[in-house]
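The values are calculated or read from the model by the stated rules, or taken from the named source; none is laboratory data. What you see is a predicted model; the values in this text were computed from it and never measured. Methodologically, a virtual Cβ is constructed for each residue, glycine included, from the backbone with ideal geometry; neighbour enumeration extends over all protein chains shown. Calculation scope for accessible area: heavy atoms of the full protein, side chains included, ligands and nucleic acids excluded. Shrake-Rupley method; radii C 1.70, N 1.55, O 1.52, S 1.80 Å.
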Amino acid sequence: MKRLALAAALLAPLAAAAQTTTLKIVSAFPENSFYVTRLQTWIENLNAEGKGLVQLNFIGGPKAIPTFEVGKAVSTGVVEMAMSTGAFYTNVFPESDALKLTQMPVAEQRRNGAMDYIQKVWAEKGNMVYLARILEYQPFHLYLNKPIDKPDLKGLKIRITPVYRDFFSALGATVMQTAPGEVYTALERGVVDGYGWPIGGIFDNNWQERTKFRVDPGFYDAEVSLIANQDAWKKLSPAQREFLTRHALSLESRNDYWKVYGQQETERQAKAGIKVITLEGAQGKQYVDQAYEAGWAGIIKVSPQHGPKMRQLFTKK
Ligand code: 173
């Protein structure tokens, strides 16, 4: 009996160590972006607390896996986790781009059934576990180097991702898709006259040097999320899943931070000399309405199956 107890005592730490699972995580946003800084802080805390249970190994950004390949890598299990936005993995399933159209905080999405629906679609069509939305309260804007006086982009070349394609095309723009990592060069070479991006983040890669105007109002709500490969997730123990979920939800619960960040970035843009072109009153409202109309038309066209239900769940009543 004594000897058995001793053997068990000796083996226990080994067994615990053997249970530690290390998951690879990548970012679809550039290495030097603020989103990644925040992600890395989160990973460090998680790893400190998760010793003996689960560890995250941050592989890197688009240099490790190109922006528009990250979704496929998660879906197939090349990496177990990622920080991305849905617009970057429409090549896995087109509904991924619909999260930009949510009109209520993610906390409310977790109450009204929207999150259940998101998790179902992400699992069925992406082989993904949708863990947490870690960016909200960040409207997208159109940034320009040529002035406009009405919502008409005819003759302008605009850098896009799927987020902006339907809307900017509807406004008459010629659109060109690039990953965030290629925006500076496109502006520098004059390949584009402007770009879409949220209110925050243009300083991360010095785009302010190549930006003259921001168009207000903003539209939609930028989304960045933590996603995981579903097979890898199922292989984790309940304790590991609970731990990761708790940490992901903890980050999600701190999204109010982005409201402050949005204000700071707005001021920073003004100080950097970026002029605001405001579409006033009815014209501004029409611009935003058109954004949602064009956005939903695009989603429903590629997903008659889920688009209408998503629209119902994501739209403010
Ligand atoms: O690259 C983009 O403009 C884009 O689609 C996006 C989405 C969410 C946050 C930041 C950028």
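How far apart, in nm, are two points set 7 Å out from the Cα along the Cα-to-Cβ line at R311 and at D289? With each label point 7 Å from Cα toward Cβ, the separation is 1.5 nm. Report summary: the helix-based calculation at 222 nm, which adds -39500 (n - 2.57) for every DSSP H run with n ≥ 4 and divides by the residues of the chain, gives -14000 deg cm²/dmol. The simple spin-label model puts a point 7 Å past each Cα toward its Cβ; for K120 and E267 those points are separated by 4.5 nm. Taking packing as the residue-averaged number of other Cβ atoms within 10 angstrom, the listed peptides 310-316, 198-204, 80-86 run from highest to lowest as 80-86, 198-204, 310-316.
Just the ratio, please: alpha-carbon radius of gyration of the chain over 2.2 N^0.38 Å, N its number of residues.
Values: Rg = 21.4 Å, N = 317, 2.2 N^0.38 = 19.6 Å.
Cα Rg divided by the expected 2.2 N^0.38 Å: 1.09.
Could you tell me the calculated FRET efficiency between N47 and A297, based on Cβ-Cβ distance and R0 = 45 angstrom, to the nearest 0.05? The value I calculate is 0.55.
Per residue, the accessible area of region 71-174 comes to 32 Å² when a 1.4 Å probe rolls over the protein heavy atoms.
Apply 1/(1 + (r/R0)^6) to the Cβ-Cβ distance of K234 and D152, taking R0 = 41 Å, and write down the FRET efficiency to the nearest 0.05.
Values: r = 50 Å, r/R0 = 1.23.
Here the calculated transfer efficiency is 0.20.
Which percent of the accessible area of the chain is formed by carbon and sulfur heavy atoms (probe 1.4 angstrom)? Summing carbon and sulfur atoms, their accessible area is 55 percent of the total for the chain.
Among bridges DSSP assigns within the chain, what percent are antiparallel (round to 5)?
Working: 19 of 38 bridges.
Of those bridges, close to 50 percent are antiparallel.
Between S75, S33, S250, the residue with the greatest mean-square fluctuation in the GNM of the chain (Cα pairs under 10 Å linked by springs) is S250.
The spacing between region 119-167 and region 181-245, judged by their C-alpha centroids, is 9 Å.
Report the extension gain between E108 and R189 in nm, rounded to one decimal, defined as 0.36 nm multiplied by the number of residues separating them, less their alpha carbon distance.
On the way: separation 81, 0.36 × 81 = 29.16 nm, distance 4.31 nm.
Here the segment from E108 to R189 would lengthen by 24.8 nm.
With a Förster radius of 25 Å, plug the Cβ-Cβ distance of I277 and T37 into 1/(1 + (r/R0)^6) and report the FRET value to the nearest 0.05. Provide the component values of the computation, followed by the final result.
Numbers: r = 30 Å, r/R0 = 1.21.
Once rounded, the FRET efficiency stands at 0.25.
Put a dot 7 Å past the Cα of E242, heading toward its Cβ, do the same for A64, and the two dots end up 2.8 nm apart.
What percent antiparallel are the DSSP beta bridges of region 117-202, to the nearest 5? Let's see the in-between values first.
Working: 5 of 11 bridges.
Once the DSSP bridges in region 117-202 are tallied, antiparallel ones form about 45 percent.
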